[in-house]
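Below is one structure, written out as structure tokens; comments come after it.
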Amino acid sequence: MSNRKDLPSLAPTILIVDDEPDFVRGLARSIPREIPARILSAFDAFEALRLIDAHSVDLVVSDIRMPDMGGIELLQEIKSRDPLITVVVMTAYGTIGEAVDAMKKGAYDFVQKPFKQDEINRILKKALERNHLIRENVRLKERLSGAAPFDLFVYHGPGMQKVLRTMRTVASLNVTVLLRGESGTGKDVAARYIHMLSPRSESLMVTVNCPTIPESLLESELFGYSKGAFTGASADRKGLIQQANGSTLFLDEIGDVPLTIQAKLLRLIQEKEIRPLGASQSRTVDVRIIASTNSDLEEKISGNSFREDLFYRLNVVTIFMPPLRSIPEDVPILAQHFVHQAASEFNMTPKSVSPEAMRHLTSLPWPGNIRQLRNAVQKAMIFSKGETLGMRDFLEDQDADDSRGDEAADITVLPFRTVRDKIVADFTKRYLVEALTRNQGNVSAAARDSGIERQHFQKLMRKFGLRSASFRGSVISELQCNHEMQPPITH
């Protein structure tokens, strides 16, 4: 049941849940007279959960006592799906204790049956104001968290919706989270997203890319050291864990951490203590751990290269980031997002993607996942000559002559130096893009692979307007307005 007549486009959605159909219908008719809202109705908790999964619900008004699943259990299920939904419970005389229990478990308020219409309207208006403020606060945290403006989540299908619900649920809880998934699925973005929505978001999250720090340095980088701990330790130094005190520590690719350091991380999680190198006493720290891995940790445990006890400590909440091939419905909206992102990055006019090319992109297996799709779109934007990105712009192996299109036919009517300079410039830009893509924006590694001095490599990058940040990591964004997904236009 829904009431949508003459509603503003951003009217909130209220779900009424009660096992008395006449009561539900009466309340559904009366509320819109005072409150401009969309009304959904359910006669049991299971139907309510189905509607919550299918619609963007702001406020749930639920009876406490219902058959099969009561209001308290429904409240807990709602909070596990979306902790931002506001819940008001309705209670008959004699069940006030249950209503108080519901408020302890996350309900915003309760109203006792029978109630007057102005009483329920007053409570619902306050509840909607509270819901609006909370969601606005979350949106501001997402936008102003210090992350890049496009480091949110863009998705369309139910696969990522379920993942996002889980992340929102665990964000407010001080539990350890393990992010698992293939390379390029956005585990680093997920870690930032969880931190953004957590009570620790006012402090910067500290990220440790475990594989990039040599084993000989990893312990001192993580735990710090005291003066005189080793040759060259001329003063005390805080490690990354202490820098994350009061905030979140993100251990990226924890599966690559050596066994000796795994034991110390286990103590950190269990005891909330660390001992810097050379220190005589342990120090208490307050950090929330988020870890990620694309490794098969169970296989590493079998091979004695990963501690089983550390795995269980990390595995309090595990979130699996889906590979792109399992969510092909998200490819079009991601591709269009990356088009606009590349246009902004390189000061270009956004281009459309032809239907044929989009079908091609959707059909690919994408072993490099979202990162690979982003790089493919970026390269197509850089080298495409037309206003529309077609099939040929996404083919990996193109003949050199074909890539010049019709220009090849007129090449001899231009001065030799003009043609030479243009061909050299096109080749140089393509070469730089390939090198940076292969090394995920690491300029030193790209220059080393190319046999070019780093300073000269950077000079060429500046000449062609290339920035290393454009080639790092995967980028996903969440955009949801008016209960429909729309591709972003500006970021």
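Taken together, the values in this text are just the output of simple stated rules run on the coordinates, not laboratory data. Note that the structure is predicted; figures quoted are calculated from it, not measured. Positions of Cβ are generated from backbone atoms using ideal geometry, with glycine treated the same way; all protein chains shown enter the neighbour counts.
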Quick one: net charge of Val316's neighbours, Cβ under 14 Å, K/R +1, D/E -1? +2
Cα centroid separation, segment 357-391 to segment 71-103 (Å): 47 Å
Surrounding charge for Asp256, neighbours by C-beta under 12 angstrom, Lys/Arg +1, Asp/Glu -1, total -2
If you bin every alpha carbon distance in segment 328-371 into 10 Å steps from zero, what whole percent lands in each bin? 26, 52, 21, 0
What base-10 log of the normalised intensity I(q)/I(0) is obtained for segment 204-248 from the Debye formula, alpha carbons as equal point scatterers, at q = 0.14, 0.17, 0.27, 0.34 Å⁻¹? -0.35, -0.51, -0.98, -1.16
Non-local amide H neighbours of Val60 (under 5 Å, H modeled in plane, Pro and chain starts lacking H): which ones? Leu15, Thr86, Val87, Val88
Of the listed links Lys104/Lys272; Lys429/Lys459; Lys385/Lys422; Lys187/Lys429; Lys187/Lys351; Lys79/Lys104, those spanning more than 20 angstrom between alpha carbons are Lys104/Lys272; Lys187/Lys429; Lys187/Lys351
Proportion of all alpha-carbon pairs of segment 158-322 beyond 29 Å (%): 18 percent
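Quick one: work out Rg over Rh on the C-alpha atoms of segment 155-236, Rh as Kirkwood radius.
On the way: Rg = 17.4 Å, Rh = 15.6 Å.
Value, to two decimals: 1.12.
Please work out the Kirkwood hydrodynamic radius for segment 13-141, using every pair of different C-alpha atoms, and report it in angstroms with one decimal place.
With all distinct Cα pairs of segment 13-141 included, I get 14.5 Å.
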Can you give me the Rg/Rh ratio for segment 258-316, using Cα atoms for both radii and the Kirkwood formula for Rh? 1.01
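Between Ala92 and Gln270, what FRET efficiency follows from the Cβ-Cβ distance if R0 is 30 Å, with the result rounded to 0.05? Walk me through the intermediate numbers first.
Working: r = 47 Å, r/R0 = 1.56.
About 0.05, to the nearest 0.05.
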So what are the ³J(HN,Hα) numbers for segment 189-200, from phi and the Karplus equation (6.51, -1.76, 1.60; θ = phi - 60°), rounded to whole Hz, Gly and Pro as x? 5, 4, 4, 5, 5, 4, 4, 4, 8, 8, x, 8
List the trypsin sites (Lys or Arg not before Pro) within segment 217-308 that fall in a DSSP loop (any state other than H, G, I, E or B) and whose Cβ has at most 12 other Cβ atoms within 10 Å. Lys227
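Please give me the summed charge of the neighbours of Val88: other residues whose Cβ is under 13 Å from its Cβ, Lys and Arg +1, Asp and Glu -1. Walk me through the numbers before you get to the answer.
Numbers: positive: Lys113, Arg122, Lys125, Lys126, Arg130; negative: Asp18, Asp58, Asp63, Asp109, Glu119, Glu129.
Counting the neighbours of Val88, the net charge comes to -1.
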